[in-house]
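Asks: Take a look at this one; I'll ask things after.
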Amino acid sequence: MHQFAWLIPALPLLGFILIGILNKRLPVLISGGIASAMVFLSFVVSVAFFFEVKDPSFVPERIVLFDWITVGDLKIDFSFLIDRLSVIMLLVITGVGTLIHIYSIGYMHHEPDHSRFFSYLNLFVFFMLLLVLGSNYIVMFAGWEGVGLCSYLLIGFWFKNIDYSNAAKKAFIMNRIGDLGFLLGVFLIFTTFGSVSFKEVFEGAKGFGLNNPSITAICLLLFVGAIGKSAQIPLFTWLPDAMAGPTPVSALIHAATMVTAGIYMVVRSNVLFALSPYASQIVAIIGLATAFFAATIGLKQNDIKKVLAYSTVSQLGYMFVALGIGAYDTALFHVVTHAFFKALLFLGAGSVIHAMSGEQDIRRMGGLKGKLPVTHMTFLIGTLAIAGIPPFAGFFSKDEILAASFGYSMPMFMLLSLTSVLTAVYMFRLYWLVFYGDFRGTTHQKTHLHESPVSMTFPLIVLAILSAVGGFMGMPEIFHAPHLFSEFLAPVIWRDGTEHASHLFEYILIGVSVLLLIIIFIATRKVYVDRKTLPEEDNVLPAGIPKLLSNKYYIDEIYEAVITKPLDSISTFSYKFIEIGVISAIINGISKALTGFSSLLRFSQSGQIGGYILSMVVGIILLIVLTLIV
């Protein structure tokens with residue numbers, strides 16, 4: 001059925017075109033229905049491909065749609081690659097994407113420009129599908145740039161708000177920095193292998209030894225691109241600001257599209273990264289630093305969406321650690337489980353914000369458990385999953401990363417474990433403050449509290465089920481059950497036979513993790529429910545570490561002082577002194593001189609007889625004078 005592969009991205013693209021053309025003439029149910037149906041149909045086709053690729057006799061298929069670029073020896077076709085890796089990503093993007101689209105029908109019900117929103121959502125999914133389906137780096141890059149464009153459009157959806165527009169611009173510019181690295185990496189791939197096709201590049205790479213300079217340079221440049229898309233140090237500050245967009249956009253970016261692009265690209269390039277332990281170490285170190293750094297910031301955030309945003313940055317750091325230590329299938333496993341519970345948490349946060357009439361500060365919430373029973377129960381499941389409590393999905397994938405890091409580096413394992421503890425602390429803090437204690441909002445908000453409509457709670461319930469049972473596809477060895485996820489990906493993901501942790505270590509890890517999480521669960525409840533402790537207001541924050549964390553280590557201010565302001569000064573100087581003072585002065589001077597000379601010539605051709613006679617007389621007199629002199 002490979003001839004139908006084009007349908008997977010084409011359906012959301014068709015939805016984008018239809019909704020875009022009909023636009024405001026469509027009611028929200030129709031525009032949202034079309035958008036959801038198109039992504040759901042893509043999901044159906046993806047499921048059909050899943051059953052095809054899981055057949056042991058299946059061989060990855062390259063499907064050429066048409067010749068795309070031909071320049072000299074460079075020939076690039078527009079082609080797709082259907083294998084087990086791309087199918088896993090297709091299921092995540094279209095499956096979770098469908099639920100987010102359905103949720104959006106309820107969430108954006110009162111939005112007058114809902115058609116523009118749904119058309120952008122479909123376009124976002126189209127580009128992400130293009131990214132994961134591409135059989136070469138150029139098609140992947142086309143999808144890569146497309147998701148960057150769509151994130152800009154959706155983050156700045158309410159563009160009349162200057163702050164939201166600035167957040168969109170920030171995301172766009174930071175991603176362009178990473179994209180430059182990716183593009184240079186693709187150029188270097190072509191000069192090294194003479195091709196950008198995955199198949200030819202990976203086969204050619206087998207002739208290179210470990211830590212070859214060209215391979216290492218390619219991996220580092222590709223990783224710069226991944227840093228931008230997947231929000232790692234130093235290009236991570238755009239992701240929390242991306243919360244300016246509608247909440248379903250946040251869920252789509254954080255769970256099913258955008259931020260998973262960098263992880264997917266490194267997994268797809270695993271043959272190259274496996275040849276460069278040096279580049280892989282850098283990937284692991286950056287991921288580890290980002291995971292810990294973002295988790296500490298999450299401890300002091302009070303905006304419900306920003307807590308989740310820093311949580312995403314931290315969890316992406318986990319994934320990069322797994323990539324850096326060669327556990328590519330484990331990283332992808334965490335991508336999948338993270339998609340379930342992070343989409344659930346963001347949509348749950350959206351349901352809370354919807355009930356609170358737009359309020360996002362957790363200090364103004366409290367006691368919502370009884371008013372929002374479905375949201376509460378599903379949010380609790382998401383919290384347990386991300387905290388890593390067995391048997392929820394996050395436990396299996398996070399435990400696998402911790403176990404892999406133990407065999408790689410003890411300091412790395414210790415810091416990741418500490419990060420895991422911090423994750424549980426800020427997530428339970430968020431949960432208790434939102435759903436327990438006294439209601440701290442306004443009277444108007446209190447009277448407005450209500451559970452979300454079915455279009456919003458249905459996706460929450462489905463995602464909660466996936467968050468609860470999704471981890472069972474990757475059971476640890478100690479349970480003597482097959483690791484279905486790794487076995488499925490084995491034909492397309494390189495493994496180096498990394499030493500696995502012993503069964504004793506696994507038992508100890510699980511036991512200690514569960515004990516710690518129970519302690520954190522009880523301790524945070526005691527602090528935020530029993531003692532009714534509330535986070536400090538921004539203007540009374542104590543100096544020192546709390547203030548430092550609350551202000552996110554002043555990273556934005558540092559970027560502003562070190563990069564933005566100097567560039568603004570250079571731009572101002574260039575404009576005032578070089579453009580206006582020099583370039584414009586020269587151009588305007590030449591223009592004025594030519595205009596003056598033209599005026600003189602025009603006077604000589606005025607058509608006035610008197611003027612001509614006068615000129616003739618003056619000329620004759622001058623000739624006579626010159627004759628007498630000479």
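Asks: Within the accessible area of the chain, what % is carbon and sulfur when the probe is 1.4 Å and the other protein chains stay in place?
Replies: The nonpolar share, carbon plus sulfur, comes to 70 percent.
Asks: Multiply the residue separation of Glu487 and Phe4 by 0.36 nm, subtract the distance between their alpha-carbon atoms, and state the gained length in nm to one decimal.
Replies: Result: 171.3 nm gained on full extension.
Asks: Classify the stretch 181-261 from the C-alpha gyration tensor, please: rounded if a/c falls under 1.5, else prolate or oblate depending on whether a/b exceeds b/c.
Replies: Since a/c reaches 1.5 and a/b is larger than b/c, the shape of the stretch 181-261 is classed as prolate.
Asks: Roughly how many nanometres apart are two label points built 7 Å out from the Cα toward the Cβ at Lys532 and Asn161?
Replies: So the two model labels end up 3.1 nm from each other.
Asks: Counting every Cα pair in the stretch 26-115, what percent are over 20 Å apart?
Replies: Of all Cα-Cα pairs in the stretch 26-115, 54 percent lie more than 20 Å apart.
Asks: For an R0 of 22 angstrom, estimate the FRET efficiency from the Cβ-Cβ distance between Leu74 and Ala217 and round to the nearest 0.05.
Replies: 0.60
Asks: State the extension gain, in nm to one decimal, for the chain segment bounded by Thr442 and Leu601, taking 0.36 nm per residue of separation less the distance between their alpha-carbons.
Replies: Length difference between fully extended and current span is 49.4 nm.
Asks: Loop-only check: which chymotrypsin sites (Phe, Trp or Tyr not before Pro) in the stretch 123-173 are DSSP coil with at most 13 other Cβ within 10 angstrom?
Replies: Here the sparse-neighbourhood loop sites are Phe159.
Asks: In cubic angstrom, how much convex hull volume per residue do the alpha carbon atoms of the stretch 496-600 span?
Replies: 277 Å³
Asks: While we're here: If I model a spin label as a point 7 Å beyond the Cα along the Cα-Cβ vector, how far apart are those points for Asp303 and Ile563 in nm?
Replies: 1.8 nm
Asks: What number comes out for the charge environment of Ile63, summing +1 per Lys or Arg and -1 per Asp or Glu over other residues with Cβ under 13 Å away?
Replies: Residues close to Ile63 contribute a combined charge of -2.
Asks: Right, next: From the P(r) of the stretch 373-504, can you give the percent of Cα pairs sitting at distances over 18 Å?
Replies: 66 percent
Asks: Computed over the Cα atoms, what is the radius of gyration of the stretch 83-194 divided by 2.2 N^0.38 Å, N being its residue count?
Replies: 1.23
Asks: Once the dipole of the chain is set up with Lys and Arg at +1 and Asp and Glu at -1 on Cβ about the Cα centre, which of Pro546, Phe182, Ile19 lies farthest towards its positive end?
Replies: Checking the options against the dipole of the chain, the answer is Pro546.
Asks: Residue separation times 0.36 nm, minus the C-alpha to C-alpha distance between Leu626 and Ser502: what's the value?
Replies: Computed gain between Leu626 and Ser502 is 33.4 nm.
Asks: Separate question: Leaving out ligands and nucleic acids, and using a 1.4 Å probe, what accessible area per residue does the chain come to in Å²?
Replies: 42 Å²
Asks: Only residues of the stretch 1-29 count here: report those whose backbone N is under 13 Å from the spot 7 Å along Cα→Cβ of Asp113, or say none.
Replies: 24
Asks: How about the stretch 520-554: which trypsin sites (Lys or Arg not before Pro) there lie in a loop by DSSP and see at most 15 other Cβ atoms within 10 Å?
Replies: For trypsin sites (Lys or Arg not before Pro) across the stretch 520-554 that sit outside H, G, I, E and B with at most 15 neighbouring Cβ atoms in 10 Å, the list reads Arg531, Lys532.
Asks: Separate question: Set Lys and Arg Cβ to +1 and Asp and Glu Cβ to -1, take the dipole of the chain about its Cα centre, and tell me which of Ser280, Gly581, Ile34 lies farthest positive.
Replies: Going by the charge dipole, the pick is Gly581.
Asks: Please state, rounded to one decimal and in Å, the Kirkwood hydrodynamic radius that the stretch 306-417 gives when every pair of distinct Cα atoms enters the mean of 1/r.
Replies: Computed over the stretch 306-417, the radius equals 15.0 Å.
Asks: Right, another one. With a cut-off of at most 13 other beta carbons within 10 Å, and DSSP calling the residue loop, which trypsin sites (Lys or Arg not before Pro) in the stretch 29-80 qualify? Please list them.
Replies: Lys54
Asks: Across the Cα atoms of the stretch 130-247, what radius of gyration and what greatest pairwise Cα-Cα distance (Dmax) are found, in Å?
Replies: Reported Rg and Dmax, both Å: 16.4, 55.
Asks: Take the chain, mark every one of the GluC sites (Glu not before Pro) that falls in a DSSP loop and has at most 15 other Cβ within 10 Å, then report the longest stretch left between them, sites excluded.
Replies: So the longest stretch without any such site is 1-498.
Asks: Can I ask one more? Tell me the Kirkwood hydrodynamic radius of the stretch 324-380 in angstroms, computed as one over the mean inverse distance between distinct C-alpha pairs.
Replies: 13.1 Å
Asks: Taking the Cα centre as origin and putting +1 on Lys and Arg beta-carbons and -1 on Asp and Glu beta-carbons, what dipole magnitude results for the stretch 73-170, to the nearest 20 debye?
Replies: Here the stretch 73-170 has a charge dipole of around 160 debye.
Asks: Counting Lys +1, Arg +1, Asp -1, Glu -1, what net charge surrounds Phe428 among other residues with beta carbon under 12 Å of its beta carbon?
Replies: +3
Asks: OK, next. What does the charge dipole of the chain about its Cα centre add up to, to the nearest 20 debye, if the Cβ of each Lys and Arg holds +1 and the Cβ of each Asp and Glu holds -1?
Replies: Dipole of the chain, to the nearest 20 debye: 1460 debye.
Asks: Then there's this: Bin all alpha-carbon pair distances of the stretch 1-74 at 10 Å intervals from 0 and give each bin's fraction as a whole percent.
Replies: Calculated P(r), rounded to whole percents: 16, 33, 26, 19, 5, 0.
Asks: Which sequence of His376, His448 reflects their accessible areas, 1.4 Å probe, from the largest down?
Replies: Ranked list, largest accessible area first: His448, His376.
Asks: Given 37 °C and 0.692 mPa s, how large is the Stokes-Einstein diffusion coefficient of the chain in µm²/s, with Rh as the Kirkwood radius over Cα pairs?
Replies: Diffusion coefficient, whole number: 123 µm²/s.
The values are calculated or read from the model by the stated rules, or taken from the named source; none is laboratory data. If you're wondering where the values come from, they're calculated on a predicted model, not measured in any experiment. Cβ sites come from the backbone with ideal geometry, for glycine too, and all protein chains shown count toward neighbours. All accessible areas refer to the heavy atoms of the entire protein, side chains included, with ligands and DNA or RNA removed. Shrake-Rupley method; radii C 1.70, N 1.55, O 1.52, S 1.80 Å.
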